[in-house]
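Read through the structure below, which is laid out as structure tokens, and then see the notes.
The values are calculated or read from the model by the stated rules, or taken from the named source; none is laboratory data. These numbers come from a predicted model, not from an experiment. Methodologically, a virtual Cβ is constructed for each residue, glycine included, from the backbone with ideal geometry; neighbour enumeration extends over all protein chains shown. Accessible surface areas use protein heavy atoms only, side chains included; no ligands, DNA or RNA. Shrake-Rupley method; radii C 1.70, N 1.55, O 1.52, S 1.80 Å.
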Amino acid sequence: MKRKTRFDAVFDIVVTIICALCLLVVLYPLYFVCIASISGPSAITNGQVILLPHDITWSGYKMVFGDARVLTGYANTFFYSIGTTLMGLLLTIPCGYALSRPDFVGRKVILKIFVFTMYFSGGMIPTYMLVRDLGLVDQRVTVILMQAFSVHNLLVARTYFANTLPLELWEAAELDGCPNGRYFVSVVVPLSGAIIAVIALYYCVAQWNDYMTSLLYLNTQAKYSLQMFLRDILLSSKSIAADTNDPDDVLEAIRAAQTIKYAVVVVAIVPMMIAYPFLQRFFVQGVMIGSIKG
């Protein structure tokens, strides 16, 4: 084995330090939110919460989970995420495969049209008017449909199919009399477990974090996503400060709202935090797939 030079050793140390600093910058805000969510409001305001929680209290979580709407929000968000993921896979995987086929006439033009929509869209108001005219306002299916297709995910899928499935595989299947549909179902899909997992993960995370769709197109509280309910809880905690004239009560309400704010963030991200360690390799694989545009 080739021995490391002094320059190599110094380079490794510098790279390690930079990576450690980047990791700290990324992880500390998340860690701070977690410890602040169980710390006393005064400790947060006075800057005492740095590395460990102070004056531990569960008041923020008690207020969040004391609202029965949170469970409804979780149920709705799970429903929207699963529906969006299934619909996204149904649309993205076949479309990505079709655009990866060199014998598909007009695929370059169609691909350019798709890419064009990534940079120029109809805008929020025209989109809302279209949804309203279609009678889809305040419908659960609207939340799913608005997030059920992503051009970015389409490009990732197309890149995977173009670089992974050799043309000779299709030629062999064609010689055996296998039609396009049967080839896709019996050969392409079984060989594409990695990209299916990546696309499913992307759609699920995007829908879970989505807030604007529910805000714009839903009017009935029973249909709200979790993020909408958490927003209402946070706003109601802030409104308490506006309903009193006592300066001490106002200050205490403002401090309590800070704790509730951090608890709301934790409640919203806990499911993804639990799932991420098990799905991390798919995130990494998806980034590697999407980085090659051949």
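Which angle between 0 and 90 degrees, to the nearest 10, do you get for helix 226-242 versus the longest principal axis of the chain when only C-alpha atoms count?
Taking the Cα atoms of the chain, the angle to 226-242 is about 20 degrees.
Roughly what angle does helix 193-209 make with the longest principal axis of the chain, taking Cα atoms, 0 to 90 degrees, to the nearest 10?
Helix 193-209 and the main axis of the chain meet at about 30 degrees.
Provide, for the chain, the number of lysine pairs with alpha carbons under 22 Å apart, each pair being eight or more places apart or on different chains.
5
What is the packing order of peptides 181-192, 215-226, taking the mean over residues of other C-beta atoms within 10 Å and listing the highest first? The partial results should precede the final answer.
Numbers: 181-192: 14.2, 215-226: 16.8.
Output ranking for 181-192, 215-226: 215-226, 181-192.
Could you tell me which of G40, A157, V70 has its Cα farthest along the dipole of the chain towards the positive end, charges placed at Cβ (Lys, Arg +1; Asp, Glu -1), taken about the Cα centre?
It is A157.
Could you state the number of Å between the C-alpha centres of the range 154-213 and the range 79-140?
Centre-to-centre distance over Cα atoms comes out at 16 Å.
Given the C-alpha atoms of the range 86-238, compute the convex hull and give its volume per residue in Å³.
Given the Cα convex hull of the range 86-238, per-residue volume reads 145 Å³.
Calculate what fraction, in whole %, of the accessible area of the range 20-80 sits on carbon and sulfur atoms when a 1.4 Å probe is rolled over the protein chains.
Solvent-exposed carbon and sulfur of the range 20-80 make up 76 percent of the total.
Among (1) 1.30; (2) 1.22; (3) 1.01, which is the computed Cα Rg over 2.2 N^0.38 Å?
Comparing each candidate, only (1) matches the computed number.
Summing Lys, Arg as +1 and Asp, Glu as -1, what charge do residues with Cβ under 14 Å from the Cβ of I113 carry, I113 excluded?
Spelling it out: positives minus negatives among the neighbours equals +4.
Can you give the relative contact order of the chain as a percent, counting alpha carbon pairs under 8 Å and 6+ residues apart?
Details: 269 pairs, mean separation 89.9, N = 294.
So the answer I get is 31 percent.
Suppose every K and R has +1 on its Cβ and every D and E has -1 on its Cβ; what is the size of the dipole of the chain about the Cα centre, in Debye to the nearest 20? Each step should come with its number before you reach the end.
Numbers: 21 positive and 18 negative charges, 178 e Å.
Dipole magnitude for the chain comes out near 860 debye.
Write down the Kirkwood hydrodynamic radius of the range 1-152, to one decimal in angstroms, obtained as one divided by the mean of 1/r over all alpha carbon pairs.
Hydrodynamic radius (Kirkwood, Cα only) of the range 1-152 equals 21.7 Å.
Please calculate how many Å² of accessible area the range 45-100 carries per residue, with a 1.4 Å probe and no DNA, RNA or ligand atoms counted.
That works out to 54 Å² for each residue.
Springs between alpha-carbon atoms under 10 Å, Gaussian network over the chain: tell me which of Y276, Y61, Y119 tops the mean-square fluctuations.
Y119
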